[in-house]
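**Q** Quick one: structure below, then a few questions.
The values are calculated or read from the model by the stated rules, or taken from the named source; none is laboratory data. Treat the numbers as computed from the prediction; the structure is a model and nothing was measured. Note that we place each Cβ from the backbone using ideal geometry, even for glycine, and neighbour counts take in every protein chain shown.
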Amino acid sequence: MNEHAERALATGAAMSRRQLLIAALGLLMGQSAGGLRIAAAQPMPASPSASLLTVLTDPAAAARFGRAYLAAHPDEADVEILVGRLSASLSAHTAATDSAAAAIAELVQAEYVTEALLRVDGWLLAPSEARLYAVTALTR
């Protein structure tokens, strides 16, 4: 991210359209705030929350963002609620893959275009991305 974008995020200034596009490009390249992996193909773990977390490359960073999200959304501080909302979002999104990790990545990419983004710890995140990080915070 360029110096202007970093300064805007550090001061809490609104993100410009250009900065949003840079952030979206970073997500497409697999460089999101909490380490969301875009093209991961892994076997599906047994539990729903473990399955969701297979897309993370940096669980510690994801948990940090998750705690920040939960501080602003205490009504979602329950793994079952978060997994239910993520599952509902995944069900509503038609993924072009059978991989849980790739489906989550596709959902987050789609939300960057179609949903209102959330400011979490100075970053703009897709709603499902923020919830995924919250699951990480609650299960770590």
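**Q** So, ASP98, is that one in a helix (DSSP H, G or I), acidic (Asp, Glu) and over 15 Å from the mean Cα position of the chain (by Cα) or not?
**A** No: the conditions fail for ASP98.
**Q** Taking LEU86 as the residue in question, decide whether it is of a type in the set (A, V, I, L, M) and in contact with a helix residue (DSSP H, G or I) (Cβ under 6 Å, 6 or more places away or on another chain).
**A** Working: of a type in the set (A, V, I, L, M): yes; in contact with a helix residue (DSSP H, G or I) (Cβ under 6 Å, 6 or more places away or on another chain): yes.
Yes; evaluated as a whole, the condition is true for this residue.
**Q** For segment 61-70, state whether one or more residues are within 14 Å of the chain's Cα centre (by Cα), in a helix (DSSP H, G or I) and modelled with pLDDT under 50. Give the derivation first.
**A** If we filter segment 61-70 for residues that are within 14 Å of the chain's Cα centre (by Cα), which is where we start, we get 61-70.
Retained after the next criterion (residues that are in a helix (DSSP H, G or I)): 61-70.
If we keep only those that are modelled with pLDDT under 50 as well, we get none.
No; the residues of segment 61-70 include none that is within 14 Å of the chain's Cα centre (by Cα), in a helix (DSSP H, G or I) and modelled with pLDDT under 50.
**Q** Can you tell me how many residues within segment 120-140 are farther than 17 Å from SER87 by Cα and either free of Cβ contacts under 8 Å to residues at least 40 places away in the same chain or within 9 Å of the chain's Cα centre (by Cα) (or both)?
**A** 1
**Q** Regarding segment 89-100, can at least one residue be identified that is buried (at least 17 other Cβ atoms within 10 Å of the Cβ), touching a residue at least 40 places away in the same chain (Cβ under 8 Å) and either touching a strand residue (DSSP E or B) at 6+ places or on another chain (Cβ under 7 Å) or farther than 21 Å from ALA68 by Cβ (or both)?
**A** The answer is yes, given that some residue of segment 89-100 is buried (at least 17 other Cβ atoms within 10 Å of the Cβ), touching a residue at least 40 places away in the same chain (Cβ under 8 Å) and either touching a strand residue (DSSP E or B) at 6+ places or on another chain (Cβ under 7 Å) or farther than 21 Å from ALA68 by Cβ (or both).
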